[in-house]
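Below is one structure, written out as structure tokens; comments come after it.
The values are calculated or read from the model by the stated rules, or taken from the named source; none is laboratory data. Model, not experiment: these values are computed from the prediction. Note: ideal-geometry Cβ built from the backbone for every residue, glycine included; neighbour counts use all protein chains shown. What goes into the accessible areas is simple: the full protein's heavy atoms, side chains included, and nothing from ligands, DNA or RNA. Shrake-Rupley method; radii C 1.70, N 1.55, O 1.52, S 1.80 Å.
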Amino acid sequence: MPTDIDPEKMEDIKNSEETWIIDFWADWCQPCKMLAPHFEEASEEMDDIHFGKVDMEEHQGIGTEMGVRALPTLVIVRDGEEIARKSGAMNKADLMDWINSSL
């Protein structure tokens with residue numbers, strides 16, 4: 001299950017050697033709602049990667065700091081550095097393909 005990310009958790013991620021996939025979303029965003037169940041399923045299948053979600057209504061500052069301009073946006077962070085980014089809804093197959101090709 002994805003972790004809810006707040007500013008303190010985001011700092012931990014930036015200082016971590018772990019791999020995180022972060023979903024920037026908002027409750028009013030229909031494509032975000034379409035992506036959510038696929039993101040959840042991927043998080044349950046990929047044990048070696050951490051999955052997190054940033055609610056842009058609550059933590060807009062994190063999105064601004066990360067340069068998020070569209071929702072949903074997925075960002076892969078490894079060793080505190082962004083290594084991949086993709087915006088827009090995806091089905092599960094496309095999500096898994098993107099993750100695997102980015103890592």
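Computed quantities for the displayed model
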item	result
Residues located in segment 66-85, provided they are farther than 16 Å from Ala26 by Cα and free of Cβ contacts under 8 Å to residues at least 40 places away in the same chain	Glu81, Glu82, Ile83, Ala84, Arg85
Which listed residue, of Met56, Met34, Met46, Met96, is hydrophobic (A, V, I, L, M, F, W, C), over 17 Å from Trp20 (Cα atoms) and in contact with a helix residue (DSSP H, G or I) (Cβ under 8 Å, 6 or more places away or on another chain)	Met56
Failed criterion for Leu103 (all others in (1) within 18 Å of Lys14 (Cβ to Cβ); (2) out of contact with any Asp or Glu (no Cβ under 9 Å at 6 or more places or on another chain) hold)	(1)
Where a residue in segment 17-29 is more than 18 Å from Met66 (Cα to Cα) and its partner, wherever it lies, is part of a loop (DSSP other than H, G, I, E, B) and open to solvent by less than 10 Å² (accessible area, probe 1.4 Å), with Cβ under 9 Å and at least six apart	Cys29/Pro72
Residues of segment 91-103 classified as in contact with a strand residue (DSSP E or B) (Cβ under 8 Å, 6 or more places away or on another chain), open to solvent by 20 Å² or more (accessible area, probe 1.4 Å) and of a type outside the set (Ser, Thr, Tyr), total	2
